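Presented below is the structure to which this report refers.
The values are calculated or read from the model by the stated rules, or taken from the named source; none is laboratory data. Here the structure is a predicted model, which is why all the values come from computation and not from measurement. As a convention, Cβ positions derive from the backbone with ideal geometry for all residues, glycine included, and neighbour counts pool all protein chains shown. Side chains included, ligands, DNA and RNA excluded: accessible areas come from the protein's heavy atoms. Shrake-Rupley method; radii C 1.70, N 1.55, O 1.52, S 1.80 Å.
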Amino acid sequence: MKVTIVGAGNVGATCADVIAYRGIASEVVLLDIKEGFAEGKAMDIMQCATNTGFNTKVSGVTNDYSKTVNSDVVVITSGIPRKPGMTREELIGINAGIVKSVAENVLKYSPNTIVVVVSNPMDTMTYLTLKATGLPKNRIIGMGGALDSSRFRYYLSKALDKPSNDVSAMVIGGHGDTTMIPLTRLASYNGIPVSEFLSQEALDKVAADTMVGGATLTGLLGTSAWYAPGASVAYLVDSILNDQKKMIACSVFLEGEYGQNDICLGVPCIIGKNGVEEILSINLDEKEKALLAKSADAVRNMNADLKSVLA
C-alpha cells in the first residue's frame, strides 16, 4: 500500500513517521515545493528504521508528482501554518489556491486515490477539493474530527484523572475554534457516562478547553501543533488502508444528513477501504442540533469565499 503526503512540514513529516513506525503502509512518498526539504525529512525518518524496526520505505521528492503514481491514499497538508492570533478561517485566501492545485496534480497520477484533507480551514478545503476534482464524495475526507476528538478525550482524561484510552468521546461540527461541538452528553468512561463523575461545570470547562485546543498550542509553540495532528492523520489512513471500519468523526459531504446539504462538516463516519463507508446518524438533543446548525452556517459563510477559486 502506498501513501503520498503533500507537504513535508511538521504535520506531514510526523504523519509519515507514524505511518512508517506502525507499519501502516509499505511505501510513503513525501512531496514538498521547497528544494531538498522532503528528501531530507524522508532520509531522517529512514535512518530510524534500524533502531525502531520498521520496514516501510519513505522517500522524498521536490514537486515531482510523477513519483506519487498509484497512491492508495493522498494526504494534503499543504498551505501556510496558523500563526499566533490567526484563525483557521483567515487562512482561506492563501490556502485555497494551493490545495486546489495539489488536488489536481495528484489525480493526474493517482486517479483512484482517496484524498485526506488536513489543510486549514479544513472543512472549506475539503469542500473545495470535492468540488474542484469532481470525485465521489466517499473519496474526499477531512481529518479534523479525529484530532478534535483526540483532544477532547485528553481533556476529559485530565478532568477524570484516568487514562485517555479508557475515555470514549467525539467532537462533531466544523473544525474551528467556535464551530466544533464536543458531545459531552455522550462521552463515557469505560461505558459509564462521564456525567457520573464530573459536574456540569467541569464538563463545560472540558468542552471550552477542547474548542481552543489548537489555539492554545499555537500560543505556546508559536505555530500550529504537529504531533497530535500527524498521528490523527495516520490513524485515519490506517482505517482506510486496512479496512478497519472504525467510527471516526470526519468532515464529509452531506446530502440531507443532519438536515444539511451541499457542505462538508464533521459527523461520525465508518471509515474503510472505500473511504467513507457510511455516515452514521446519531440522536442529537435540541441544543446539539442548534449548535450543529450554527456551525454549518459558519462553515457555509466561509465556503462562499471559494467562488473565485472554483470559477
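Measure nothing but the geometry: give the 0 to 90° angle between the long axis through the Cα atoms of 200-211 and the longest principal axis through the Cα atoms of the chain, rounded to 10°.
20 degrees
Between the range 1-61 and the range 165-187, what is the separation of their alpha carbon centroids in Å?
30 Å
Relative to the present Cα-Cα distance, how much length would full extension add between LYS137 and MET1 at 0.36 nm per residue of separation?
Net length gain for the segment: 46.8 nm.
Would you mind checking the tilt of helix 92-109 against the longest principal axis of the Cα atoms of the chain, expressed as 0 to 90 degrees and rounded to 10?
50 degrees
According to the square roots a ≥ b ≥ c of the eigenvalues of the Cα gyration tensor, what is the shape class of the range 239-311, taking rounded for a/c under 1.5, prolate for a/b larger than b/c otherwise, and oblate for the remainder?
oblate
Determine, from the Cβ-Cβ distance of SER308 and ASN55 and an R0 of 51 Å, the FRET efficiency 1/(1 + (r/R0)^6), rounded to the nearest 0.05.
It comes out at approximately 0.65.
Please state the shape class of the range 144-304: rounded when a/c is under 1.5, otherwise prolate if a/b exceeds b/c and oblate if not, all from the C-alpha gyration tensor.
Rounded is the answer for the range 144-304, as its axis ratio a/c remains below 1.5.
Please compute the per residue accessible area over the chain with all protein chains in place, 1.4 Å probe, rounded to a whole number of Å².
43 Å²
Give me the lysines in straight-line cross-link reach of LYS205: C-alpha distance below 16 Å, same-chain residues under 8 apart excluded.
List returned: LYS158.
Calculate for the chain the 222 nm mean residue ellipticity that helices alone would give, adding -39,500 (n - 2.57) per DSSP H run of length 4 or more and normalising by residue count, nearest 500 deg cm²/dmol.
Details: 11 runs with 132 residues, N = 311.
The per-residue figure over the chain is -13000 deg cm²/dmol.
ALA293 to GLU104: extension gain in nm, 0.36 nm per residue of separation minus the Cα-Cα distance?
Gain on extension, ALA293 to GLU104, equals 64.9 nm.
For GLU35 paired with ASN165, estimate the spin-label separation in nm (one decimal), with each label point 7 Å from Cα along the Cα-to-Cβ line.
4.6 nm
Given the convex hull of the Cα atoms of the chain, what is a quarter of its surface area in nm²?
Details: hull surface 60.8 nm².
Approximately 15.2 nm², given one-decimal rounding.
Label the range 140-182 by shape, choosing from rounded, prolate and oblate, from the square roots a ≥ b ≥ c of the eigenvalues of the Cα gyration tensor; if a/c is under 1.5 it is rounded, and otherwise prolate applies when a/b is larger than b/c, oblate when it is not.
Numbers: a/c = 3.21, a/b = 1.90, b/c = 1.68.
Prolate.
Against the longest alpha carbon principal axis of the chain, how many degrees, from 0 to 90 and to the nearest 10, is the axis of helix 286-303 turned?
The angle comes out near 30 degrees.
When the Cα centres of the range 110-157 and the range 206-266 are compared, how far apart do they sit, in Å?
The range 110-157 and the range 206-266 have Cα centres spaced 7 Å from each other.
Could you work out what % of the accessible surface of the range 1-85 is carbon and sulfur, using a 1.4 angstrom probe and leaving DNA, RNA and ligands out of the count?
Details: 1970 of 3860 Å².
Accessible surface attributable to carbon and sulfur in the range 1-85 totals 51 percent.
Provide the FRET efficiency to the nearest 0.05 for the ASN283-ASP243 pair, computing r from the beta carbons and using R0 = 30 Å. Intermediate values should be presented prior to the final figure.
Numbers: r = 28 Å, r/R0 = 0.92.
After rounding to 0.05, the efficiency reads 0.60.
Using a simple charge model, +1 on the beta-carbon of Lys and Arg, -1 on the beta-carbon of Asp and Glu, nothing else, what dipole does the range 2-143 show about its Cα centre, in debye to the nearest 20?
Taking the Cα centre of the range 2-143 as origin, the dipole is about 280 debye.
Can you compute the charge dipole magnitude of the range 140-213 about its Cα centre, using +1 on each Lys and Arg Cβ and -1 on each Asp and Glu Cβ, nothing else charged? Give it in debye, rounded to the nearest 20.
Roughly 120 debye for the range 140-213.
What FRET efficiency comes out for ARG22 versus LYS273 if R0 is 25 angstrom and r is the Cβ-Cβ distance? Round to the nearest 0.05.
Between ARG22 and LYS273 the formula returns 0.90.
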